[in-house]
Amino acid sequence: MLKIKLRTGSGAYPVYLGRGILDKLGVLALSRLPACPLLVVSDGNVAPLYGANCLESLRRAGFKAELAVLEGGEKDKSFATALTLYTSALEAGLDRHTAIVALGGGVVGDLAGFVAATYLRGIPYIQVPTTLLAMVDSSIGGKVAVNHPLGKNLIGAFYQPSLVAGDTATLETLPPREFNAGLAELVKYGVIWEQKLFIHLESLLSRSSGAPLAAVLLRARGAWLPWLIARAVAIKGEIVCRDEREKDLRRILNFGHTFGHALEAATEYGYYLHGEAVACGMAMAARLAVLLKLLSPGEAQRIGRVLGRLQVPPPPRGLSREKVAAALYYDKKKEGEELIFILPVALGRVIACKGPPFPLVEQVLAEYLEGALL
């Protein structure tokens, strides 16, 4: 079991990674919280696999744990679902000395964290990520939110968890599509922060010879997968600890997200997995950087080749450039009327680009929708 300690301006908390951590969850939780009532939030995909194990571990440690199961999917990140969870919390008797546990992927973690941040003006919560994307990204850093029909994560808060506990054994039950979506976030860290990480991923994916990426990396779990996850957590932890509330440095974590969030909103959160939309967004951001003469075409092609191995679905039929462009303007990161894009200038280094010429943005959208980028 690996432990990484994160310290932000609002407090410190540990991240535990390793096989079998679900069995130890109760003991780990007891190191951060008194034995108290807990509401475990999960979804219909994860709860049948890990809900009983999670509850048993927590109850064995003295917690009174109840389970609330959501349907599953991005549509759960809504005020309506949050209201349902507030009711579940009240019925479970949660007060200010209790906590919420998020057992699942990014949607469950974001939503349960949002409910914890707002229920009784804030109670503790624990992240128990069960997807690769949640393990390396969304469970770390304290961003919690629900979506608005006009844009993703428009209503939320910065609210750090008390504990993150990622059991890498849960990755073995992930569908290949979900696993690949998580790999997109690993690629992101390589492009924005650490060229060495990108090169490792590039090498691993190029040697996979068409085999499913999940199978390739899970077979190598004794070496590569734990290292990749731990490295990603350490990178995000360092960035978040230096800029908890996204005033400057933390913005680089949005590489691929401006385009990606627009794709998700334009397709009403029903077509792309989040990591898939981010993968498309990273390819588009790299292309925009080339058009702005910030990035060499050769490095953009390297980024595109790696992203192309993730088997991201093609743009859906009927999705128009105009609809995606309209969604861009509801992005929460814009300043006034100017959009902010995080663009690569080299492998391992990105910059924030404010208000690039919109005809170039439209050109990138058109190239993507025509299938020219991935």
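The numbers here are math on the coordinates, done by the rules we state, and not lab data. Computed from a prediction, not measured in an experiment: that's the story for all the values here. Please note: Cβ atoms are built from the backbone with ideal geometry, for glycine as well, and neighbour counts cover all protein chains shown.
Working note: Debye formula, equal point scatterers on the alpha-carbon atoms of the stretch 180-285, no solvent; log10 I(q)/I(0) at q = 0.12, 0.21, 0.24 Å⁻¹ is -0.45, -1.18, -1.31. Rounded to two decimals, the Cα-based Rg/Rh of the chain, with Kirkwood Rh, is 0.96. So for the stretch 176-369, what percent of the C-alpha to C-alpha distances run longer than 24 Å? Beyond 24 Å sits 37 percent of the P(r) for the stretch 176-369. Over the chain, dividing the summed -39,500 (n - 2.57) contributions of all DSSP H runs of at least 4 residues by the number of residues returns a 222 nm mean residue ellipticity of -13500 deg cm²/dmol. Cross-link partners of Lys354 among lysines, defined as those whose alpha carbon lies under 17 angstrom from its own and excluding same-chain residues fewer than eight positions apart: Lys247, Lys293, Lys332, Lys333, Lys334. With the convex hull of its Cα atoms as the shape, the stretch 85-227 has an orientation-averaged projected area of 10.0 nm². If the chain linking Asn53 and Glu338 were pulled fully straight, counting 0.36 nm for each residue of separation and taking away their Cα-Cα distance, it would gain 97.8 nm.
About its Cα centre, the dipole of the stretch 68-170 is roughly 280 debye, where the only charges are +1 on Lys and Arg Cβ and -1 on Asp and Glu Cβ. Evaluated over the stretch 2-173, the count of Lys pairs having alpha-carbon atoms less than 15 Å apart is 5 (only pairs 8 or more residues apart or interchain). The trypsin sites (Lys or Arg not before Pro) of the stretch 246-278 that meet both conditions, a loop assignment by DSSP and at most 16 other Cβ atoms within 10 Å of the site Cβ, are Lys247. The relative contact order of the stretch 176-369, computed from alpha carbon pairs under 8 Å that lie at least 6 residues apart in sequence, is 29 percent. Placing a label point 7 Å from the Cα of Gln195 along the Cα-to-Cβ line, the residues of the stretch 286-319 whose backbone N sits under 12 Å from it are 299.
Placing pseudo-labels 7 Å out from each Cα toward the beta carbon at Val345 and Ser296 gives an inter-label distance of 1.6 nm. Considering all alpha-carbon pairs of the stretch 2-173, what whole percent are spaced by more than 23 angstrom? Cα-Cα pairs of the stretch 2-173 separated by over 23 Å account for 30 percent.
Taking every alpha-carbon pair under 8 Å whose residues sit at least 6 apart, the chain reaches a relative contact order of 15 percent. Among the trypsin sites (Lys or Arg not before Pro) in the stretch 115-220, those placed in a DSSP loop whose Cβ has at most 15 other Cβ atoms within 10 Å are Arg207.
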